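The values are calculated or read from the model by the stated rules, or taken from the named source; none is laboratory data. Treat the numbers as computed from the prediction; the structure is a model and nothing was measured. Because the Cβ atoms are built from the backbone with ideal geometry, glycine has one as well, and the counts that use them run over all protein chains shown.
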Amino acid sequence: MNNATIAELTAGYQMGNYTRFPVAFLRGEGARLFDADGREYLDFLGGIAVALLGHAHPGVTRAIADQAASLVHVSNLFHVPVQSEVARLLSLATIGGKVFFCNSGTEANEAAIKLARKWSSDRGRTDAYEIVAIDGSFHGRTYGSLSATGQPKFHEGFGPMVPGFRAIPFGDIESLDAALNDKTCAFLVEPMQGEIGVRMHPPGYLETAAGLCRDRGILLIADEIQTGMGRTGEMLASKRFGIIPDIVTLAKGIANGLPLGAVVARDEVAVSFSPGSHGSTFGGNPVCCSAARVVLETITAPGFLDEVKRKGDRLADGLRAIAGRRSDIVSVRGMGLMIGVEMSVETKPIANRALEHGFIVNACSGNVLRLLPPLNVTDAEIDRALSLLEAAMPEERRS
Ligand SMILES: *Cc1c(COP(=O)(O)O)cnc(C)c1O
């Protein structure tokens, strides 16, 4: 089987809901991938922020294999040793409080939405059920998270949406101020908007928003599914922006590629998930948790996150140097190893050309390139990525 025959097989039997590159990967190693035609790639997408410690990380691989050989699944009717340990590590590394495990990002947001409404209801405020979210956000594809998602293109054809969600314009604190009223139970926000192309809130926005929530007894939910787990150089991007959410949702890189999602809520909120109120058959599965334990131990080791910051700066500086040589780069934005390059031209052709040259980068929102390398990417890989990316950009006539 080569790339072409695998692509044909995909098209023959799978629904057409994905737009796929004509490439099939057989194996990976760190920031490198190898396809079915024997070609090597440098991967700065990481399965969309999932391969946090790179592909086939030896520690993660060993943990998965050992756990799979002893016990793959029990049930949350029982205690699960590695799950208990991962919850402890997650709580300590984020906001304290208690953890609920699920299997994906959208499920983490569903759980957070349910938890916020239940918390409101438990306090006798049954009419305070509204969730406020921002235009351009992405919170997932199931109905609650989809209803919260502030991009109409994802809603199209799937209506009606779940009631009780309110969208406000991006970057506008006055709209937020007006939207947070006595019908609101929570404000749901990505510290940086990922899917739409690494969009940053205006300086001070998140701190002011957190203050408004605190003053009005409204829960602040940070969707850190993409920005969390050390991606920005801190365990949570919230920390980098000086806010402490009441609820945090995590997924993507948390188990370095195995399906795991988590909700962390401060104790007073977490109690609203009382016995039987919410659950998941697979959530917190021992194999996924064994991978997550290695991830957490690795990124909380002394000095690791400082290195993420340093490498993020190296990558951003390199991109700004490229921008200085060109006229079509509008801005380089982001934090740590989550970076967006906004251009005045379409970026899809650039991502396609980069792929042909052996470099994997994501084009989003039409004119943005999104870079999400593994957190343990090397300086040499960053430098190579910069030259591959620049080579994939269209030739400019010098004036
Ligand atoms: C990817 C993502 C989700 C959805 O996660 P899935 O695991 O695909 O359900 C939600 N929120 C953010 C910010 C994301 O980046």
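Does region 193-206 include one or more residues that are of a type in the set (D, E, K, R) and within 16 Å of the ligand (Cβ to nearest atom)?
For region 193-206, residues of a type in the set (D, E, K, R) and within 16 Å of the ligand (Cβ to nearest atom): present.
Of the residues that sit in region 355-373 and are in contact with a strand residue (DSSP E or B) (Cβ under 7 Å, 6 or more places away or on another chain) and in a loop (DSSP other than H, G, I, E, B), which one is surrounded by the most Cβ atoms within 10 Å (Cβ to Cβ)?
By that ranking, first place goes to 372.
Condition test on residue 138, is it aromatic (Phe, Trp, Tyr), touching a strand residue (DSSP E or B) at 6+ places or on another chain (Cβ under 6 Å) and surrounded by 21 or more Cβ atoms within 10 Å (Cβ to Cβ)?
no
I need a count of the residues in region 39-85 that are farther than 30 Å from residue 385 by Cα, over 25 Å from the mean Cα position of the chain (by Cα) and either among the acidic types (Asp, Glu) or within 16 Å of the ligand (Cβ to nearest atom) (or both).
Adding up the residues that qualify gives 1.
Which condition does residue 190 not pass, out of (1) within 14 Å of the ligand (Cβ to nearest atom); (2) surrounded by 24 or more Cβ atoms within 10 Å (Cβ to Cβ); (3) more than 17 Å from residue 370 (Cβ to Cβ); (4) of a type outside the set (Val, Ile, Thr), if it passes all the others?
Only one criterion in (1) within 14 Å of the ligand (Cβ to nearest atom); (2) surrounded by 24 or more Cβ atoms within 10 Å (Cβ to Cβ); (3) more than 17 Å from residue 370 (Cβ to Cβ); (4) of a type outside the set (Val, Ile, Thr) is unmet by residue 190, namely (3).
Restricting region 29-41 to residues that are within 17 Å of residue 357 (Cα to Cα) and not acidic (Asp, Glu), which is surrounded by the fewest Cβ atoms within 10 Å (Cβ to Cβ)?
Result: 38.
Residue check: is residue 248 more than 11 Å from the ligand (Cβ to nearest atom), modelled with pLDDT of 95 or more and part of a strand (DSSP E or B)?
Here the answer is yes, as residue 248 does meet what is asked.
For the list (1) more than 16 Å from the ligand (Cβ to nearest atom); (2) over 30 Å from residue 295 (Cβ atoms); (3) touching a strand residue (DSSP E or B) at 6+ places or on another chain (Cβ under 9 Å), I need the number of the one condition that residue 90 fails.
(2)
Of all the residues that make up region 318-354, how many are farther than 30 Å from residue 305 by Cα, not charged (D, E, K, R) and not in a loop (DSSP other than H, G, I, E, B)?
Matching residues across region 318-354 total 3.
Within the group 94, 149, 126, which residue is polar (S, T, N, Q), farther than 17 Å from residue 247 by Cα and in contact (Cβ under 8 Å) with a residue 12 or more places away in the chain?
Sole residue among the options that is polar (S, T, N, Q), farther than 17 Å from residue 247 by Cα and in contact (Cβ under 8 Å) with a residue 12 or more places away in the chain: 149.
Just to check your reading of the model, which residue among 210, 178 is modelled with pLDDT of 95 or more and either among the aromatic types (Phe, Trp, Tyr) or crowded, with 21+ Cβ neighbours inside 10 Å (or both)?
None of the other options fit; the residue is 210.
Across region 93-116, which residue is nearest to the ligand (Cβ to nearest atom) among those that are among the hydrophobic types (A, V, I, L, M, F, W, C) and over 20 Å from residue 299 (Cα atoms)?
By that ranking, first place goes to 108.
Give the residues of region 373-387 that are farther than 17 Å from residue 303 by Cβ and not hydrophobic (A, V, I, L, M, F, W, C), sorted by residue number.
Passing the criteria: 373, 381, 383, 384, 387.
Inspect region 375-391 for any residue being touching a strand residue (DSSP E or B) at 6+ places or on another chain (Cβ under 9 Å), more than 22 Å from residue 197 (Cα to Cα) and exposed (fewer than 15 other Cβ atoms within 10 Å of the Cβ) and give the result as yes or no.
yes
Looking only at region 167-185, decide whether some residue is within 16 Å of the ligand (Cβ to nearest atom), of a type in the set (Val, Ile, Thr) and farther than 15 Å from residue 147 by Cα.
The answer is no; no qualifying residue exists.
Let me spell it out: the conditions are (1) surrounded by 24 or more Cβ atoms within 10 Å (Cβ to Cβ); (2) in a helix (DSSP H, G or I), and residue 263 meets all of them except one. Which number is the exception?
Unmet for residue 263, out of (1) surrounded by 24 or more Cβ atoms within 10 Å (Cβ to Cβ); (2) in a helix (DSSP H, G or I): (2).
Which one of these is surrounded by 21 or more Cβ atoms within 10 Å (Cβ to Cβ) and closer than 30 Å to residue 144 by Cβ: 78, 44, 101?
Of the residues listed, the single one that is surrounded by 21 or more Cβ atoms within 10 Å (Cβ to Cβ) and closer than 30 Å to residue 144 by Cβ is 101.
Residues in region 144-161: is at least one more than 11 Å from the ligand (Cβ to nearest atom), surrounded by 19 or more Cβ atoms within 10 Å (Cβ to Cβ) and within 23 Å of residue 348 (Cα to Cα)?
Yes, because at least one residue in region 144-161 is more than 11 Å from the ligand (Cβ to nearest atom), surrounded by 19 or more Cβ atoms within 10 Å (Cβ to Cβ) and within 23 Å of residue 348 (Cα to Cα).
Kindly list, by first and then second residue, each pair from a residue in region 190-210 that is β-branched (Val, Ile, Thr) to a residue that is away from the ligand (no atom under 14 Å from the Cβ), limited to pairs with Cβ atoms under 6 Å and residues at least 6 apart or on different chains.
198/333; 208/173
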